[in-house]
1. If you take the residues of region A:32-59 that are outside any strand (DSSP E or B) and buried (at least 17 other Cβ atoms within 10 Å of the Cβ), which of them is farthest from the other protein chains (Cβ to nearest Cβ)?
2. Any idea which residue in region A:77-98 is surrounded by the fewest Cβ atoms within 10 Å (Cβ to Cβ), counting only those that are away from chain B (no Cβ under 11 Å) and part of a strand (DSSP E or B)?
3. Exactly one condition in (1) touching a residue at least 40 places away in the same chain (Cβ under 8 Å); (2) in a strand (DSSP E or B); (3) facing another protein chain (nearest Cβ under 10 Å) is false for A:Leu64; which is it?
Amino acid sequence: MDEDSPPPPPPNEASPPPPPVAVSGSPTDFLKGVVGKRVIVRLTSGVDYRGILSCLDGYMNIALEQTEEHVNGSVTNRYGDAFIRGNNVLYISAAEPL
Amino acid sequence: MDSNASGIQEPFDLIRLSLSERVFVKLRGDREVVGILHAYDGHMNLILSDVEETIMIVDPIEGSPNSEGTVKVAKRKMNMLFVRGDGVILVSPPSRT
């Protein structure tokens, strides 16, 4: 507790690395969890699509419902349904608590 | 399992349900096309008929700090069109009710 050396001594016993965060799960688990939820999909072009994630596939092709297209913070288009080709996707962000 | 109200299990179902319907397609290079969807494949190569293409041409104003500029819109019509899949950004079917 009251040791003065700045670098803490490494533990000698082989301790397994702790899990990074409390919420566990793989990227796939995240994606399964957000199906049916409101999401924000950002494309590499910087355009955002906000809507309800209907489903997605292994290419990260995405089907969205009630989609709003946002460019520079303003709504530029609305689609009842939208298919987004996966190669354009930068990220998928959950827009509501999981 | 998939208690999806729309009955869609994979994204391509959205496209399959739009065959013979007029669809909106957003393409790379600030282009959009609207046409009747006749065929597609896993690359999202598309065959469209009765097509109108809209091309947005942005002229940046010189000296303007903002990236805003005058946008010119060009339109052209085509009877039959093959769209290579890698140019596709988004496909929107007609609104289902």
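The values are calculated or read from the model by the stated rules, or taken from the named source; none is laboratory data. Given the structure is predicted, the values throughout are model-derived calculations rather than measurements. Ideal geometry is used to build each Cβ from the backbone, glycine not excepted, and the neighbour counts take in all protein chains shown.
1. If we take residues in region A:32-59 being outside any strand (DSSP E or B) and buried (at least 17 other Cβ atoms within 10 Å of the Cβ), then A:Val34 is farthest from the other protein chains (Cβ to nearest Cβ).
2. For region A:77-98, the residue satisfying everything is A:Tyr91.
3. (1)
Condition check ((1) loosely packed, with under 15 Cβ neighbours inside 10 Å; (2) within 18 Å of B:Met78 (Cα to Cα); (3) modelled with pLDDT of 95 or more) across all residues:
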{"position": "B:Arg16", "(1), (2), (3)": "yes, no, yes"}
{"position": "B:Leu19", "(1), (2), (3)": "yes, no, yes"}
{"position": "B:Lys26", "(1), (2), (3)": "no, yes, yes"}
{"position": "B:Val33", "(1), (2), (3)": "no, yes, yes"}
{"position": "B:Ile36", "(1), (2), (3)": "no, yes, yes"}
{"position": "B:Met44", "(1), (2), (3)": "no, no, yes"}
{"position": "B:Asp50", "(1), (2), (3)": "yes, yes, yes"}
{"position": "B:Ile57", "(1), (2), (3)": "yes, no, no"}
